[in-house]
Amino acid sequence: MKALLLGAVWIHLASSVLLVGALFLLLLAGPSANATIRRWERSVVDWSRGLVVVAVVAGLVWLVARTAVFENRPGAALEPRAVWRAALDTWPGLVWLGRQGALVVLAALLWARVDVTARRDWIAARAQALGLGGLALGLASAASHAAAIGPGAAWAVAVDVSHVIATGLWVGGLPALALLLHAAGRDDDAQARATALGTARRFSHAALVAVLVLVASGSAGAVAQVGSVAALAGTTHGRLLLAKLTLLIPILALAAVNRTRLLPAAAAPGATRRLATFVTLEALLALAILALAAAMTLTTPARHAEPVWPFPFRLTLDGLDDAARRRVVAASQIGLAAVIALLGASILRRRRVPLLAGAGALVVVAAALGLPPLVVEAYPTTFRRPPVTYHATSIASGMAVYAEHCASCHGADGAGVAGADLRSPSIARRHAGEIFWLVGRGIPERGMPAFESRLAERARWDVINFVRALGAATVATTLGPRIRPDDAWLAAPDFTIAVGPLAPGALRDYRGRRIVLLVVYTLPGSRERMTALARSYELLSVLGVEIVAVPARVTGHPIVELGAAPPVLFPVVTDGTAAIVATYGLFAPGPHAEVLIDRQGYVRAVWRNDASPADTSVVQAEVERLNAEKSPPPFPDDHVH
Amino acid sequence: MPLWQVVVVLNLTFAVGLGLGYAGWGRRVGALEREVNADRARIERLERERGACARGAKAGEQQWEGRGLVRAVYPRLLVITHEEIRGLLPARTTSFAVPATTSAPRVGDAVRFSLRGTAPDDVAIVAIEGW
């Protein structure tokens, strides 16, 4: 059913594109009294009649096949009621109705043998046909991947519309142009040839504009739908796009030869026919591209698919030491020189060969010097996004798994006994997906066992979250009770705030709204501080702070234990406290610790090991400094990298 | 009539039809949707008023039900961290007036409570029980 759907999409897309191009070329050629041109025009109109029927039929097949895929049973394709539902109750179905409507009106217009002897009638008939064809083609964008982009869908759809219309005008026009050139080249008719070449020249200008629009809209669409190199190289959608781009190179080369070499010299009959052959070749390649485009519409956009990295290495700028950085900078300068040499070669007419050779040599030297420090090993899962968020619950379960399976070699604190130091920069430089691969498959030559069969996937991701928290905790020792203005880098692991039977909240609910002072307390030692916090809650609240209190040890009902006087009005977490205490214990150990988390969700100040703020004015001063910050960083990612 | 004039007239008809269709039908749909939402809110309010009336409230008063956790107890005032109270308040910590006759809960108790009043700023707890 998928193959049928793909075939239907391709034939439908190709016929719509060819239809628009053929009608466009008719308009470009203009009304003519010449017999050869009239013959060509008649054959193009006949072709268009056929194409519009093919487009309507392929559209019907598409709807039927899509109903089967939509209902997830092949039998649905033959049930009128299911097809009816797919057409009327789904958005792609409504768009389909609109497009089929335009195609049917276009078919009626083309099949009606209207009298177009008057020039105005001729133009009106052809322009109307082109308008209807363009409407049918452009409407496809309303149900494309572009229309599914959350905010900014209108803009994405506009970009997509310009992409398909430009395709229609350029790609679709090629076969009709080839026919025209062929017809004009066969007859020994100077007038026909002049008209054909004039049309070809006008088409060449229009095609140049169309190609520029295609490149611009295609790039914008790729950024929106693919977004990253990993998604480009590692997903079906991305690879189809790469194949499309690869096919585009010979097409553009042919187009350039046609435009710069063949077209200016095409006045002779033989040359016109050669141009016709080249244009036909170009058109055939373009039809192959349309097949790839059809396949792309049926695959998950690369941005939303899980990339499988195909290479055993990747390039990264992270974690370079000074020597390596100097090498890379030197290489980039050599590369710049190569670019200048290339520019010079394209501008200068003399000494082009030595300049090109020099540029090539410089590129080789720059690559040999600059690339090796950037290369790191990579695995198929390198760019896999962790399915588990950076959450206290996951980190705490990871901590238990780590203690059981990993601590014997890597040490309880990750410093490494027999195994590697997990807090080292070389581990921090590794993507989470790479650690996932190494944990699963092991490193036999270094004695690291494979855990794929021993730990569930979820447990492996939990361990990775824990290792990341461990690495962060090592660096976090530099954080003290005073914030460093505009220096937010330590993402606060999310946690659940469950107060009694009330619907639980989460730390991330405060993002963009309030500063959070997380207080991990132990009674009776923290009694005095908790009383002070309860008294100053109103003031801190006005400053934009929410206090979240978490008991380090739960013995009874935490809220009851804190007592009624003075009243404690801030959230006191009663359930799931162990995970929060374990996770934040990595950053701020102690029976009593306080962590100041800014509005963006970064840890900014830490009071650890009972060194609680002397009084509220200390916290207040830090909060005021946070409130004075001008450029907040973006929210931290919910997943580790 | 020559063909080009037919084409122009047909296209104009189509454009005008689309515009009028939106102006008439599309806007009407929007207005109806707003009307339905307003009516739905009114029905909810009337239902709360009826509920309040059945329990002996004065005319015009409504009744809301809430669930929460008692955080502070003062004479004739309770501070409760509560879930969303539909049609009145989002989930947050609020202080509510209580009549002296109601038996006072203790801090930390999970409670269900009924509020009665005419507007968000004059509601008072009329009944309270363990959750």
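Some notes on this structure:
- Here residue A:340 passes the criteria (1) modelled with pLDDT of 85 or more; (2) open to solvent by less than 100 Å² (accessible area, probe 1.4 Å); (3) over 21 Å from the mean Cα position of the chain (by Cα) except the one numbered (2).
- Within the stretch A:623-641, restricting attention to residues that are open to solvent by less than 70 Å² (accessible area, probe 1.4 Å) and not hydrophobic (A, V, I, L, M, F, W, C), the residue that is farthest from residue A:383 (Cα to Cα) is A:627.
- Leading residue by the ranking (farthest from the other protein chains (Cβ to nearest Cβ)) among those in the stretch B:29-58 that are assigned to a loop (DSSP other than H, G, I, E, B) and surrounded by 11 or more Cβ atoms within 10 Å (Cβ to Cβ): B:57
- Only one of the listed residues (A:80, A:74) is under 35 Å from the mean Cα position of the chain (by Cα) and more than 30 Å from residue A:123 (Cβ to Cβ). That residue is A:74.
- Test: residue in the stretch A:102-113 that is buried (at least 17 other Cβ atoms within 10 Å of the Cβ), basic (Lys, Arg) and within 14 Å of chain B (Cβ to nearest Cβ): no
- Taking the criterion of being in contact with a Pro (Cβ under 8 Å, 6 or more places away or on another chain) and either outside any strand (DSSP E or B) or among the aromatic types (Phe, Trp, Tyr) (or both), the residues of the stretch A:387-411 that qualify are A:390, A:392, A:395.
- The residue that is nearest to residue A:92 (Cα to Cα), among those in the stretch A:184-196 that are aliphatic (A, V, I, L, M) and buried (at least 22 other Cβ atoms within 10 Å of the Cβ), is A:196.
- Residue ID - modelled with the highest pLDDT, chosen from residues in the stretch A:602-622 that are surrounded by fewer than 23 Cβ atoms within 10 Å (Cβ to Cβ) and small (Gly, Ala, Ser): A:621
- Of all positions in the stretch A:148-160, at least one carries a residue that is closer than 29 Å to residue A:254 by Cβ and open to solvent by 30 Å² or more (accessible area, probe 1.4 Å).
- Condition check for residue A:560: modelled with pLDDT of 90 or more and either over 22 Å from residue B:94 (Cα atoms) or aliphatic (A, V, I, L, M) (or both): no
- Of all the residues in the stretch B:59-96, those that are away from chain A (no Cβ under 14 Å), open to solvent by 40 Å² or more (accessible area, probe 1.4 Å) and either modelled with pLDDT of 85 or more or in contact with a strand residue (DSSP E or B) (Cβ under 8 Å, 6 or more places away or on another chain) (or both) number 3.
- Residues considered: A:618, A:545, A:581, A:560. Of these, the only one that is touching a helix residue (DSSP H, G or I) at 6+ places or on another chain (Cβ under 7 Å) and of a type outside the set (Phe, Trp, Tyr) is A:545.
- Residue that is nearest to residue A:23 (Cα to Cα), among those in the stretch A:193-244 that are among the charged types (D, E, K, R) and touching a residue at least 60 places away in the same chain (Cβ under 8 Å): A:202
- Qualifying residue in the stretch B:98-115 (condition: within 10 Å of chain A (Cβ to nearest Cβ), under 30 Å from residue B:38 (Cβ atoms) and open to solvent by 30 Å² or more (accessible area, probe 1.4 Å)): no
- Among the residues making up the stretch A:417-453, those that are surrounded by 21 or more Cβ atoms within 10 Å (Cβ to Cβ), in contact with a Leu (Cβ under 9 Å, 6 or more places away or on another chain) and assigned to a loop (DSSP other than H, G, I, E, B) are A:422, A:430.
- Residues being without any contact (Cβ under 8 Å) to a residue 60 or more places away in the chain and surrounded by 16 or more Cβ atoms within 10 Å (Cβ to Cβ) - total across the stretch A:53-69: 9
The values are calculated or read from the model by the stated rules, or taken from the named source; none is laboratory data. From a predicted model like this one, the values you see are computed outputs, not experimental measurements. Positions of Cβ are generated from backbone atoms using ideal geometry, with glycine treated the same way; all protein chains shown enter the neighbour counts. Heavy atoms of the whole protein, side chains included, go into the accessibility calculation; ligands, DNA and RNA do not. Shrake-Rupley method; radii C 1.70, N 1.55, O 1.52, S 1.80 Å.
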